[in-house]
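Peer 1: Let me begin by handing over the structure; questions about it come next.
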Amino acid sequence: MERTYFDRYKNNWDFLVTVKGDTYSEELLNDIRNTEDVAGCIVHRIVNGNTQIPADYLSSDVQKLSLEKLNNSFAANEAGAYNTKVPIFILDDKSFAEYRGDANDANVVAVNIIWDSVNSERTDRQYVPFLNEGKEIVLNVNGKDIPVSAFNDSLPVLREELTQYALTLVMSESYYATLGFDLKPDETIYTIKMTDESKNDALEEKLQGMLETYPGYAFEGRVQELADEMQIQQGLRMIIYLFTVILTCIGLANIFASTLGQIHQRKREFARYFAVGLTPKGAAKILAWEAAIVALRPILLTIVINIPLMAWMLDAGGITAGDFIAKRLPLVPAILLFVAVIGFVALAYYLGGKKICDMNLVEAIKDDTLML
């Protein structure tokens, strides 16, 4: 499943030009489309309206589920109609005709889906039809009657998210102009696709030069943004790994200090054991068990704490456990860290144990007598 930003939209755009204000330009659109190495360009603007949807306009699926159960923002008025947000996508005429298809000559296409939140989770959304497609539908959006006779189950190919629990309408620039809406778009967006990714740098230079006469624009390139994002992620990983290594070194230094720094006390302790018959092999077993406890205790504690914490974070991020384990689990670094911890603890106890087992029992007991 495509969950990341770049995975979701990698086939929808290569360059994005955003011009602030109500600034649609047919001339700029034609210039971009006629530029060498440009495969296509879609211009869109978005305005947001509201409408009242009568209950008999709703699909049978929605009527069975109940809008109120799908989302508590829906509430029927006295006439039984539901107040609904209406995002309106305004496409250039050519792009709208391609999106609508040749099946009809409708001026408006409704994105006729709504998330079935009763029977599906947000990490795996299932959609049902919003409106009854077999019924003649006329919506009054901000005081303007808009007939809806064409339907689609997805947005145009743009870098845009579907607004949940809203009825999205798509129309052409020419039809929108006839409606006389008071709604004004905040920006105009040109979504550009190129013929070949190897032409990215040359095409970006051409487009940037073309846009110099249009002040107040923002330019984005997918290839460059992806490269920047990968560098940022790599930098964050390096910081996290470095922080982990520093904490690990502090812990290991403490183990070496406590193990090797207390050899004198441990000599007296094991001298007593040897005096009552403990063999060097038995001493090695005691030290091995100590080393195992010291090494495995933080590892097991880390696992116990991190599993529920990671489960909560995956749920918040909308990522399934299977997807995380298969693609994102840092298994190799974790194993290397655990092996390093176990190895260094074993080394510390080996060096300490070697000194203890090689000690002079008589001298150790004498020292112990003097210390008492």
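Peer 1: What number comes out for the charge environment of residue 261, summing +1 per Lys or Arg and -1 per Asp or Glu over other residues with Cβ under 14 Å away?
Peer 2: Once positives and negatives cancel, what remains is +3.
Peer 1: Which residue, chosen from 128, 258, 147, occupies the Cα position most advanced towards the positive end of the dipole of the chain, where the dipole is computed from +1 (Lys, Arg) and -1 (Asp, Glu) charges on Cβ about the Cα centre?
Peer 2: Going by the charge dipole, the pick is 258.
Peer 1: So what are the radius of gyration and Dmax for the Cα set of the stretch 207-254, in Å?
Peer 2: Here Rg and the maximum Cα pair distance are 20.4, 65 Å.
Peer 1: Please list, short to long, the whole-number percent of alpha-carbon pairs of the stretch 203-288 in consecutive 10 angstrom bins beginning at zero.
Peer 2: Using 10 Å bins, I get a P(r) of 13, 20, 14, 12, 11, 9, 8, 8, 5, 1 for the stretch 203-288.
Peer 1: In what order, largest first, do 241, 190 sit by accessible area if the probe radius is 1.4 Å? The partial results should precede the final answer.
Peer 2: Details: 241 95, 190 0 Å².
Descending order: 241, 190.
Peer 1: Could you sort 293, 192 by accessible area so the largest value comes first, with the probe set to 1.4 Å?
Peer 2: Most to least solvent-accessible, the answer reads 293, 192.
Peer 1: Give the lysines reachable from residue 267 as a straight Cα distance under 19 Å; neighbours fewer than 8 places away on the same chain don't count.
Peer 2: In chain and number order, the partners are 281, 285, 354, 355, 366.
Peer 1: Show which lysines lie in cross-link reach of residue 20 when reach means a straight Cα distance below 17 angstrom and same-chain residues fewer than eight apart are skipped.
Peer 2: Partners found: 184.
Peer 1: With only Lys, Arg, Asp and Glu charged, each at its Cβ (+1 for the first two, -1 for the last two), find how big the charge dipole of the chain is about the Cα centre; round to the nearest 20 debye.
Peer 2: Computed charge dipole of the chain: roughly 3120 debye.
Peer 1: Please give the direction-averaged projected area of the C-alpha convex hull for the stretch 102-206, in square nanometres with one decimal.
Peer 2: Values: hull surface 41.5 nm².
The Cα convex hull of the stretch 102-206, projected and averaged over all directions, gives 10.4 nm².
Peer 1: Next up: So, taking all protein chains as they sit and a 1.4 Å probe, how much accessible area belongs to residue 114, in Å² rounded to tens?
Peer 2: Roll a 1.4 Å probe over it and residue 114 shows about 0 Å².
Peer 1: Right, here's the next one. Kyte-Doolittle cut-off 0.5, length cut-off 24 Å along the helix's own axis using Cα: show which whole DSSP H helices in the chain pass.
Peer 2: Membrane-span-like by this rule: 222-260, 280-317, 331-357.
Peer 1: Working with all protein chains in place, sort 238, 210, 171 by solvent-accessible area computed with a 1.4 Å probe, largest first.
Peer 2: Highest to lowest solvent-accessible surface, that is 238, 210, 171.
Peer 1: Residue 10: which lysines have alpha carbons under 22 Å from its alpha carbon, excluding same-chain residues fewer than 8 sequence positions away?
Peer 2: Within the straight-line limit of under 22 Å, residue 10 reaches these lysines: 193, 199, 206, 327.
Peer 1: Further question: Which entries of 94/135; 64/85; 85/144 have Cα-Cα distances beyond 18 Å here?
Peer 2: 94/135; 64/85
Peer 1: Further, regarding this structure: With the convex hull built on the Cα atoms of the stretch 128-181, state its orientation-averaged projected area in nm².
Peer 2: Answer in nm², one decimal: 4.6.
Peer 1: Also, I was wondering about something else. Just to verify a number: what accessible area does residue 294 come out at with the full protein assembly present, 1.4 Å probe, Å² rounded to tens?
Peer 2: Accessible area, nearest 10 Å²: 40 Å².
Peer 1: Ratio of alpha-carbon Rg to the 2.2 N^0.38 Å globular estimate for the chain, to two decimals, please.
Peer 2: That ratio works out to 1.63.
Peer 1: Let me cross-check residue 118: its accessible surface, 1.4 Å probe, with only protein heavy atoms counted, in Å² to the nearest 10?
Peer 2: Surface open to solvent at residue 118 totals about 80 Å².
Peer 1: Of 202, 296, 169, which is farthest towards the positive pole of the chain's charge dipole, taken about the Cα centre with +1 and -1 on the beta-carbons of Lys, Arg and Asp, Glu respectively?
Peer 2: Ranked along the dipole, the leading option is 296.
Peer 1: For the stretch 1-140, compute the orientation-averaged projected area of the C-alpha convex hull (one quarter of its surface), in nm². Please list the in-between numbers first.
Peer 2: On the way: hull surface 45.5 nm².
With the hull built on Cα positions only, its mean projection is 11.4 nm².
The values are calculated or read from the model by the stated rules, or taken from the named source; none is laboratory data. Bear in mind the structure is a predicted one, so any value in this text is a computation, not a measurement. Glycine gets a Cβ as well: all are built from the backbone with ideal geometry, and neighbour counts include every protein chain shown. In case anyone asks, the SASA skips ligands and DNA or RNA and just uses the protein heavy atoms, side chains included. Shrake-Rupley method; radii C 1.70, N 1.55, O 1.52, S 1.80 Å.
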